[in-house]
1. Separation between the B:Ala2 and B:Arg139 pseudo-spin-labels, each 7 Å from Cα along Cα→Cβ, expressed in nm?
2. Can you list the copy-to-copy distances for A:Ala27, using a point 7 angstrom from Cα toward Cβ, in nanometres, shortest first?
3. By Cβ position, which chain A residue lies least far from the axis that rotates chain A onto chain B, and what is the distance to the nearest whole angstrom?
4. Where Rh denotes the Kirkwood radius from the mean inverse Cα pair distance, what is Rg over Rh for the range A:215-329?
5. Quick check: at a probe of 1.4 Å, how many percent of the accessible area of the range A:2-44 sits on carbon and sulfur atoms?
6. If you line up the long axis of helix A:247-259 against the longest principal axis of chain A, both from Cα atoms, how many degrees apart are they, to the nearest 10?
7. Computed over the Cα atoms of the range B:2-44, what is the convex hull's projected area averaged over all directions, in nm²?
8. Taking 0.36 nm per residue of sequence separation and subtracting the Cα-Cα distance, how much length would be gained by fully extending the chain between A:Leu108 and A:Leu40, in nm to one decimal?
There are 2 protein chains.
Amino acid sequence: MADIARLAGVSVSTVSRALSGSKLVNAETRQRVAELARSLNYSINLGAQNLRLQKNRTVAVVVPFEAASRQHISDPFFLALVGSIADALTDQGYDMLLSRVDAEHLDLAAQFYDSGKAIGVIMVGQWRHHDQLNALAARQLPLVVWGGAMPQQLYCTVGGDNTDGGLQATRHLLQLGRRRIAFLGDAALPEVWLRREGYQQALREAGLQADPALELALPFEPGGARTALERWLPQAPAFDAVVACSDLLALQAIHTLRAAGRRVPEDVAVVGYDDMPLAAYCDPPLSTVHQPVAEAGAELVATLMAQLRGERSPSRTLGVSLIVRRSAA
Amino acid sequence: MADIARLAGVSVSTVSRALSGSKLVNAETRQRVAELARSLNYSINLGAQNLRLQKNRTVAVVVPFEAASRQHISDPFFLALVGSIADALTDQGYDMLLSRVDAEHLDLAAQFYDSGKAIGVIMVGQWRHHDQLNALAARQLPLVVWGGAMPQQLYCTVGGDNTDGGLQATRHLLQLGRRRIAFLGDAALPEVWLRREGYQQALREAGLQADPALELALPFEPGGARTALERWLPQAPAFDAVVACSDLLALQAIHTLRAAGRRVPEDVAVVGYDDMPLAAYCDPPLSTVHQPVAEAGAELVATLMAQLRGERSPSRTLGVSLIVRRSAA
DNA sequence: CTGAAAGCGCTAACAA
DNA sequence: TTGTTAGCGCTTTCAG
């Protein structure tokens, strides 16, 4: 900026004003400065500008990862969600700082806010650390979490209606006449816990009782799930249907079942979760609970913005819908 | 920092030194300052620090989007690539600024560098604007692009070996005895162009000639592809195999073919591209060219770092491999 | 309409 | 071992 000032024969203050389009500066001078800036390929140093203006338009988006399993970002649903958040932030003129933090130390996410890197945090998933998220919210950190709304939580969530998702999936299987329905997913995660609530409620409605032996706490990662399934299947009680907590899990279950000589959907009907773009093209086409990804990003961002404006923003639950395809038809 | 200084009864410089672990400051004082900082939940303002130190550890990752079609980030392969880049950057202690820019104005990506927001740019895909990327590189912008290495390009790319991918896929189909092989993908994109080179080379090796009528320039977006396919199929010449430039395209082709009464793989064998996690579970399981996603992120980041160290970094091509599954077996 | 000067939060000579 | 001072690149009173 000093260079431009010198070349234009004016002071830096004038350049600053010219560049910000202030009416205080002579139109002709403004023109000259603008041209000079363009020809020098100059653009304002935003770090300095932010420092001076005490402003910032960067939002941190945090994707937890399991350090133990050296699990990287790979879940297609979360990835799609990140894409959708990027779209929403871009639309609103915000920058997105994407980073991973150890799922055991979600509290590290506060760093982005404390250090002034970001004005708020969007956390993609709760994992097992409901408590740490509560602690973060208590610190007044502008925070929105994608996940399930648990009773008495202090932080703000946006998420699909997990209970309803579990309910719809299970009711559908019951309507097909299935009575022994397995549940695949780790209930230590709030989202899965809520889906299981729905699953159990549907069973109760039908006068049935959930059999704990039909429940398998599968990790979301592809690798671990497969071996766990293969070990579980031979010693599991008989079942004629499966509710899986992701499409990937559902497909692996189908694969394992077939390897064991069971037909899908004839012997075992399967419902997945997420409705990934490929679910319709699977073998067999997958019945699954559709989550509104595009809406999710927009809603997460809108909720964070409301919080930044000082509004009390309650948690939001987005509608989900069961898509029936051949795997459970 | 001033607050801490006051409370600790020392000067800001001392606090600054204490916090940065300088040996120049009394161990006892350092201790006191550290505790104070922790209790106040203080952390350094990185914007100010960067300004003062003239440093920056943020890399911009840019995902172009087609403004015309209001197409958002959704391609699963690019999304996975973004995840892999995030992993690699985190491992190296860098922050990642994720953003979309209009594919018609890739030159806007320079903003991130010029404004000091980022020290360099990783561009995910070239789209149609080879020329704009050349212009960017000419500006001395630290830049690495995921995509195909075109002759005489000025910018640095990292990408899968597209020619070899096209070659392997087509050779395999020829070995199966297929002779009329369709090619699905928009050759205006360098990656697709190179894949088509491989496709044509394989045909030549077999003494065949590529039939332009068997080539369909499909956009990558799901929506557009489907209708274009449905329109093309009835008037296309007879063919017994398909090379598609993404798994999603391959699956849509299979779907359309079946709707038209053609069997896959019996009547038409199909090979996709990318090897997405679900490709193995599709109907039928998809033969496809596997791209090394995890390696890709690490390589993009390593190449950018080399560039920042002032080294001349040549474009890198990563090996790909054909995975044979039922859709072409 | 324009310039001089102060200051955003931090670090690093230079002195003491 | 610590404090004083200047300055990173920018904006904005306050005077002219």
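1. Reported label-point gap for B:Ala2 and B:Arg139 is 3.7 nm.
2. From this label point to the equivalent ones elsewhere in the assembly: 7.1 nm.
3. A:Asp283, 2
4. Working: Rg = 17.5 Å, Rh = 15.7 Å.
Computed over Cα atoms, the ratio is 1.11.
5. Working: 1410 of 2760 Å².
On the range A:2-44, the fraction of accessible area on carbon and sulfur atoms equals 51 percent.
6. The two axes meet at around 30 degrees.
7. Numbers: hull surface 10.0 nm².
So the Cα hull casts an average projection of 2.5 nm².
8. Values: separation 68, 0.36 × 68 = 24.48 nm, distance 4.05 nm.
Here the segment from A:Leu108 to A:Leu40 would lengthen by 20.4 nm.
The values are calculated or read from the model by the stated rules, or taken from the named source; none is laboratory data. Please read all numbers here as calculations on a predicted model, not as lab measurements. Every residue, glycine among them, receives a Cβ derived from its backbone with ideal geometry; neighbour counts consider all protein chains shown. Side chains included, ligands, DNA and RNA excluded: accessible areas come from the protein's heavy atoms. Shrake-Rupley method; radii C 1.70, N 1.55, O 1.52, S 1.80 Å.
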